Amino acid sequence: MPAMKDSYIVKIAVEMTDQVAQLIEFNQKQPLSGIIQELCNGWNLSDPEQYALQFNENNNKNYITEKNRNEIKNGSILRLQFSPSKTAQDILQKLQNGTPEEKSRAVEKEIPIGSLVEHLQATPVVQQNAVALINALFLKADMVKRRSLAATLGSKQFRMCIQHNILQTGAAEGAEMAHQLYVLQTLMLSLLEQRMSTKMDPQDQDGHDKIKELRRIAFDSESAGGTRLPTGSTRDYKKLGFKNDINPALDFTETPPGLLALDCMIYFARNHPESYIKLVLENSCRADEHECPFGRASVELVKILCELLKIGESPSEQGASFQPLFFTHDHPFEECYCICILLLNKTWKEMRATSEDFCKVASVVREQIVRALADTPLSLDQLKARLQTLTYSEITQLWQLERTSREEWESHARPIVELREQITPEIVSLIKQQRLAFLVEGTRFTKYSTRGQRIKDKFWFMRLSINHKVLHYGDCDEKSTPSAEELPSKLAVSDIRALLTGKDCPHMKGRKACHQLAFSLALEVVDLQSLDCVAPDELTYAYWTDGINALLGNRMHSREFDKDLDTLLSMEIKLRLLDAEGITIPQEPPVVPPEPANYQFCYDLK
């Protein structure tokens, strides 16, 4: 029996900071709370429920629980510490109400970042909480410590852990994990904000050295394979595509992208020198108006990437969209730039662009990047491959297809049809006003003989009165624009019987070839049966025939009228639907709910 009793007893030492160690007999059958009570009594400590025992070995600092207490052996040295719940409460209190220094110490002392990396290999719940805690540490840290954290998080060990244990296992598909990875990506990219928001200082020696290095790498005879071009700093900087070739530093005064653009350019030149040299020299051999300006293009491209990746914006509570490729490289943003600057040069060539097309090329490249990132490529290689398929021709076809599909769908939706019918009279009235205003301005017509032959250097002018009741006309020279008072002949609009066009015109009858721009005003007056005209161009013909029909109360039916009506209707509908942007318009309106049983909605407060 004594031997059985001794098997439950182990002799150990228990330490505590600023206290003399206690040597006790640890009874495995005695509840832990009782043992902790006795230890607290020995040290005159109150609130024993706030304490817990902890292993005190180099490779084992675990708290002792009812499950692992059997690991305590004779001669073990334990430690009495605050319990996990008490420690967590203290940390939370400091994080919520403590000074910045106290918050930082509570980030660093109790939760070393290295230990969290190990938890990324645990169960999904633990992984999710580990990433959430990393994000919390990142948010609470100052900029210096953020960069230190980022160095750890950007290490190959951490990135491989994220890829193998979260991205490749499907753990990132959960909504909460996706949100935490989105937050982590946002916080990591936020480290670029300082450079993005910093203008280049004229005294910035590092910046000037980088600009000189860009020139040296591109045009050094040895690195360029002996194809050295006629040199000179201004000429070289112009070939590098800087807007300010005399002082390239001025190209980096716009924020964003500030100095981040220069950082990306020098990264490209240092890490991908062959691609960099090929791009610069290729454009150096083109005509000036067709060369893709590397410097200007880089500034615009980095600006686009900053906008798309929302650099500088705080993570939102609902955000869950992240790019796995940003966990595959220690400089993912710079690598994305390197891929996209080559894309921009390729698109520039496909569009056969000149310097005047710069903004158009930038918009196409932006669309290419947006569509490639929408596919969530898993790696930089996948991003590059996707961008190669999104050529300029492909983008224009996609734009046209999407626009046609959307407009076709919307045009058949009953609410849109009803809206179109409702606003058509307003648009027709607007077109009518424009046509009549054109007639008031007047037109110079060429004179034709009774045989339909054009009379050289003979012209006449016709214009509508401001009150739209009288047409004034008369001879004029090639350059004059006579006023209504200067035109001797008058014709009341009420005397116009009909509008004749084409072969129905009196001055076109008998001619083998009918003039397509001819029109005549058939009149009620006896002494003048018609006023015959030949418009100088198709647009003038359309405006005059529409205007005369409007004066006669007839429908305008020229091709220009149909074109203007469709364009203005489309624009007006889009303007009225701006508040519904992004909302799918149903083919049929929603069902109106039934009427209430009564309309007694008044509530008596008495």
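The values are calculated or read from the model by the stated rules, or taken from the named source; none is laboratory data. Here the structure is a predicted model, which is why all the values come from computation and not from measurement. Methodologically, a virtual Cβ is constructed for each residue, glycine included, from the backbone with ideal geometry; neighbour enumeration extends over all protein chains shown. The protein model used for the area step is the full one, side chains on, heavy atoms only, and it has no ligands, DNA or RNA in it. Shrake-Rupley method; radii C 1.70, N 1.55, O 1.52, S 1.80 Å.
Distance between the modelled labels on Tyr599 and His164, one decimal in nanometres: 7.3 nm (7 Å Cα→Cβ projection). Available extension along the chain between Glu254 and Ala385 is 44.0 nm, counting 0.36 nm per residue and deducting the alpha carbon span. Note on His208 and Lys61: with the Förster distance fixed at 56 Å, the Cβ-Cβ geometry gives a FRET efficiency of about 0.60. For the chain, the solvent-accessible area of protein heavy atoms averages 58 Å² per residue (probe radius 1.4 Å; ligands and nucleic acids excluded). Computed from Cα positions, the angle between helix 332-350 and the longest principal axis of the chain comes to roughly 20 degrees. As a length-normalised measure over Cα pairs under 8 Å and 6 or more apart, the relative contact order of the chain settles at 8 percent.
Rolled with a 1.4 Å probe across the full set of protein chains, the surface gives Ile304 an accessible area near 10 Å².
In straight Cα distance, which aspartates and glutamates are under 15 Å from Lys349, not counting same-chain residues fewer than 8 positions off? Here the aspartates and glutamates satisfying the reach criterion relative to Lys349 are Glu282, Asp288, Glu289, Glu291, Asp357, Glu394.
Quick check: the angle from helix 392-412's long axis to the longest principal axis of the chain, C-alpha only, nearest 10 degrees? Once rounded, the angle reads 70 degrees.
Could you point to the label whose value was computed as semi-axes √(5λ) of the Cα gyration tensor in Å for the structure here, given (1) 80, 37, 20; (2) 38, 27, 23; (3) 60, 31, 28? Label (1) holds the value from this structure. Per atom type, region 30-102 shows carbon and sulfur on 47% of its accessible surface, probed at 1.4 Å. What is the helix-to-structure angle for 259-271, meaning the angle in degrees between its Cα long axis and the longest Cα principal axis of the chain, kept from 0 to 90 and rounded to the nearest 10? Long axis of 259-271 versus the principal axis of the chain: about 80 degrees. Placing dummy labels 7 Å off each Cα toward the beta-carbon, the span from Gln400 to Ser7 is 8.8 nm. Leaving out same-chain residues fewer than 8 places away, which aspartates and glutamates sit with a Cα under 15 Å from that of Lys212? Excluding near neighbours in sequence, the set is Asp204, Asp220, Asp236, Asp245, Asp251, Asp263. At the residue level, Arg576 shows approximately 100 square angstrom of accessible surface with a 1.4 angstrom probe and all protein chains present. In a simple Cβ point-charge model (Lys, Arg +1; Asp, Glu -1; nothing else charged), region 1-72 has a dipole of about 280 debye relative to its Cα centre.
Inter-label distance, Ser393 to Cys359: 2.8 nm, where each label sits 7 Å from its Cα along the C-beta direction. Ranked from largest to smallest solvent-accessible area, with a 1.4 Å probe on the protein heavy atoms, Glu524, Glu173, Glu402, Glu282 come out as Glu173, Glu524, Glu402, Glu282. Carbon and sulfur: what percent of region 466-540's accessible surface (1.4 Å probe)? About 49 percent, which is the carbon plus sulfur part of the accessible surface.
Estimated from helical segments only, the mean residue ellipticity of the chain at 222 nm is -15500 deg cm²/dmol, where each DSSP H run of four or more residues counts as -39500 (n - 2.57). Extension gain for the segment Asp220 to Lys458, taken as residue separation times 0.36 nm less the Cα-Cα distance, is 78.8 nm to one decimal.
On a 32 Å Cα-Cα criterion, which of the cross-link pairs Lys456/Lys490; Lys86/Lys156; Lys432/Lys574; Lys239/Lys574; Lys243/Lys574 come out too long? Violating the 32 Å limit, Cα to Cα: Lys86/Lys156; Lys239/Lys574; Lys243/Lys574. In whole percent, and with a 1.4 Å probe on the protein chains, what portion of the accessible area of region 326-442 is carbon and sulfur? Here carbon and sulfur together make up 53 percent of the probe-accessible area.
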